[in-house]
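The values are calculated or read from the model by the stated rules, or taken from the named source; none is laboratory data. A quick note: this is a predicted structure, and the numbers were derived from the prediction, not measured. Here Cβ is always computed from backbone atoms with ideal geometry, including for glycine, and neighbour counts include all displayed protein chains. For the accessible areas, the whole protein counts, side chains as well, though only heavy atoms, and no ligand, DNA or RNA atoms are used. Shrake-Rupley method; radii C 1.70, N 1.55, O 1.52, S 1.80 Å.
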Amino acid sequence: MRYAILSDIHGNLRSLERVLADAKLHAAEAFLCLGDVGSDASLDLLRRVGAQLLFGNWEVSQWGYLRQDNRAWVRDLPPMLSGDGFLAVHAAPWWPDVLRLSRGSRARAI
């Protein structure tokens, strides 16, 4: 599997569009985003291309700036992604206690 791994977009939609286009030209089969997406528009685009996401510190501290639908979606993001012999995290592989969901700190397999 050929992955395009993205992180720390911080709302820069124009650059995200260019990176995704370049990744497709290089035959990326899947997109992984390691958090800090930073805007509704960037989240919408990543959702449209089927990217697998995990949360970063931006999603934890700034999620209140997102639209309600994206807030709900971000609240269900895993702290880790694993697959094909790798484990991906943004900074720390767990949700802060105040945001912990029933899934706990388990990785989501992709």
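Numbers at a glance
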{"read-out": "Rounded percent of accessible protein surface that carbon and sulfur make up, the stretch 1-73, 1.4 Å probe", "value": "50 percent"}
{"read-out": "Alpha carbon centroid spacing (whole Å) that separates the stretch 11-26 from the stretch 39-70", "value": "16 Å"}
{"read-out": "Ratio of the Cα radius of gyration of the stretch 22-64 to 2.2 N^0.38 Å, where N counts its residues", "value": "1.23"}
{"read-out": "Inter-label distance for residue 69 and residue 47, nm, one decimal - labels placed 7 Å from Cα along Cα-to-Cβ", "value": "0.5 nm"}
{"read-out": "Protection-proxy order for peptides 29-39, 78-88, each taking the mean of Cβ atoms within 10 Å per residue, highest first", "value": "29-39, 78-88"}
{"read-out": "Fully extended contour minus Cα-Cα distance, from residue 1 to residue 13, at 0.36 nm per residue", "value": "1.8 nm"}
{"read-out": "Convex hull of Cα atoms in the stretch 1-87, direction-averaged projection (nm²)", "value": "5.2 nm²"}
